[in-house]
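Data block below; observations after.
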Amino acid sequence: MFIKGNFLYTPSRTELTIRENEYAHIEKGIITGFCKEVPQDNQEEVVDCGRDIIIPAFVDLHIHAPQYINRGLGFDEELLPWLEDYTFPAEKRFADPDFARRVYTAFVRRLKAEGTLCFSAFATIHKEATWQLMEIAEKEGLKAYIGKVNMDRNAPDYLLEDTDQSLADTEELILRCREEMQRVRFIATPRFVPSTTEKLMTGLGRLCEKYDLPVQSHLSENRNEVAWVRELHPDLPSYTAVYDAFGLLRPQQTIMAHAIYLSAEERRLLKSKGIYLAHCAQSNANLSSGIMPLRRNLEEGLTCSIASDVAAGHTPAMNKQIALTIEVSKLYALEHEKEKALTIGEGLYLATKGPGRFYGCTGSFEKGYAFDALVIHLEDIEGLERTPFEKLQQYIYDGDDRNIVARYVNGKRL
C-alpha cells in the first residue's frame, strides 16, 4: 500500500522530519520507506490524503481506565484526599461487570477518537472487569498494556484485597492474556507503595521475574505521599529504592508516573535502569502536586514521556496534553534559569516515538516501524494556506477528534 500526504515525525527528541507530498510504502503493516512517485508498474492500493498532515498515532503510557467517569471532578483537593473522596468510590463500581463493560467501551472508543491508539492503563482490583477492558481494547483494534491493580493495605474495605488472592488473580490474567490476546499485553500494576504490603510487592516481583513482565506504578507525585512512604519504609533510602528492593524497578520495562520529587541518587538509579517516567503536567496542576523538572531530567538522560493520567488529567486528548506540557514548561523556565521550555517537536516526540519504544517499533515513520498513524485535516483558507508544520502546531493547540479523518494501526485503517 502507498499513502500520499505530508508526513511529520520525530526520529529523535531533537529531530523533526517533514516529508511534503511524499508516498509512504507500507507492507504487512510495516513502513518500508518513502518515495516521490509511485512505480509505474505498481499493483498496490494507493491512498491520496491531499494536503492533510499525517503524524504517528499517540501513545499514552499512564492512564486510569476506570477513572474516565471522574474526569474534571474534585480538583479542589490534593492527591490523597482526592483518592479517598472520588477515585476509590468510583473504582468500587467496577465490581459490577455490566457497569465495567459500559464504561470501558466508552473509554476505549474515546481514546480511539482522540488518536491514542497505543496506551498503558490501570484497571481496578477486579479480575473480570480487567479482562473486559482487555477484550474491548483488542476488539477495537488498539495496542495496549493493561494491568489489574494490586492493593492490600491502606485502602477502603471494598477495595482491600487478600494478598494471596490478589497474586492468584494476577497470574490468571497473565496467562489468559498471553493465550488469547494479540495486541494487548499484561503489565504488573501495584497501585503505589502505600497500598501494597511487602508480601504483595515480593509476590509481584516474583511474577515479573517468572513471566518477564513489565511494571507500571506511581512515584513521588505528592509531598505528603513521599513522606508517607518514608514512614512506611524507614529502612530504605528513598521511594524509588522501595520499588527496587522488591524487584519492581525492571530495566527498560517499568513505567513510573509523575516522579516530581526525586533526589540525585534516585535520578541516577532511574537512569541506570532505563525507567520510563510518565510526565503528567495536567494532572500535577489539577491536584496541586508540583512540576516535574522535565528539561533537567531529559538533559540528564532520563527517559521521559507525556501522559494524560486521566482522571487527574481531565482529558485523554494527547494533543492537549502536549500543549499543556509546553505551557507549563515555559512557566517553570521563568523561575529556573537552567530550564529551557519544551518545543513542539520535542512534545510530539514525547507523545509518540518516545513512549512508543515501550511497546516496540511504534510512534515513528522510520523504516521498520509499524504504520500507526493519524491523518489530520485542517481547512485551508484561500490565500492563507498553511505549511505542514504550521498545521501541526494549530492541531496541537486547537485541534480535536473532528480533525482526525483516518486512523491506522499496523497499516490497517480502523
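Can you give me the number of residues within segment 3-30 that are more than 26 Å from the chain's Cα centre (by Cα), buried (at least 22 other Cβ atoms within 10 Å of the Cβ) and under 16 Å from residue 391 (Cβ atoms)?
The qualifying residues number 1.
Which ones in segment 167-212 are in contact (Cβ under 8 Å) with a residue 12 or more places away in the chain, out of contact with any Gly (no Cβ under 9 Å at 6 or more places or on another chain) and among the aliphatic types (A, V, I, L, M)?
174, 181, 184, 193, 200, 207
Are any residues in segment 367-406 within 20 Å of the chain's Cα centre (by Cα) and closer than 19 Å to residue 34 by Cα, and if so, which ones?
369, 370, 371, 372, 373, 374
Here are some residues: 292, 318, 256. Which one is assigned by TED's automatic domain parsing to the domain that holds residue 353 and over 23 Å from residue 345 (Cβ atoms)?
256
Kindly indicate whether any position in segment 360-369 is in contact with a strand residue (DSSP E or B) (Cβ under 7 Å, 6 or more places away or on another chain), assigned to a helix (DSSP H, G or I) and surrounded by fewer than 23 Cβ atoms within 10 Å (Cβ to Cβ).
Checked segment 360-369: no residue is in contact with a strand residue (DSSP E or B) (Cβ under 7 Å, 6 or more places away or on another chain), assigned to a helix (DSSP H, G or I) and surrounded by fewer than 23 Cβ atoms within 10 Å (Cβ to Cβ).
Of the conditions (1) touching a residue at least 40 places away in the same chain (Cβ under 8 Å); (2) assigned to a strand (DSSP E or B); (3) surrounded by fewer than 15 Cβ atoms within 10 Å (Cβ to Cβ), residue 72 clears all except one; give me its number.
Residue 72 satisfies all of (1) touching a residue at least 40 places away in the same chain (Cβ under 8 Å); (2) assigned to a strand (DSSP E or B); (3) surrounded by fewer than 15 Cβ atoms within 10 Å (Cβ to Cβ) except (2).
Condition first: outside any strand (DSSP E or B) and surrounded by fewer than 17 Cβ atoms within 10 Å (Cβ to Cβ). Now tell me which residues in segment 41-68 satisfy that.
41, 42, 43, 44, 45
Tell me, yes or no, whether segment 24-34 has at least one residue that is in contact with a Lys or Arg (Cβ under 8 Å, 6 or more places away or on another chain) and among the charged types (D, E, K, R).
no
Would you check which residues across segment 247-259 are surrounded by 20 or more Cβ atoms within 10 Å (Cβ to Cβ) and part of a loop (DSSP other than H, G, I, E, B) and list them?
248, 249, 250, 259
Of the residues 251, 293, 316, which is in contact with a Ser or Thr (Cβ under 6 Å, 6 or more places away or on another chain) and either at pLDDT below 95 or over 20 Å from residue 192 (Cβ atoms) (or both)?
Going through 251, 293, 316 in turn, just one is in contact with a Ser or Thr (Cβ under 6 Å, 6 or more places away or on another chain) and either at pLDDT below 95 or over 20 Å from residue 192 (Cβ atoms) (or both): 316.
Given the condition more than 20 Å from residue 151 (Cβ to Cβ), without any contact (Cβ under 8 Å) to a residue 60 or more places away in the chain, in contact with a helix residue (DSSP H, G or I) (Cβ under 7 Å, 6 or more places away or on another chain) and assigned by TED's automatic domain parsing to the domain that holds residue 140, answer yes or no: does some residue in segment 82-102 qualify?
Taking every residue of segment 82-102 in turn, at least one turns out to be more than 20 Å from residue 151 (Cβ to Cβ), without any contact (Cβ under 8 Å) to a residue 60 or more places away in the chain, in contact with a helix residue (DSSP H, G or I) (Cβ under 7 Å, 6 or more places away or on another chain) and assigned by TED's automatic domain parsing to the domain that holds residue 140.
The values are calculated or read from the model by the stated rules, or taken from the named source; none is laboratory data. Keep in mind it's a predicted model, so treat the numbers as computed, not measured. Quick reminder, even Gly has a Cβ in these numbers, built from the backbone with ideal geometry, and neighbours come from all protein chains shown.
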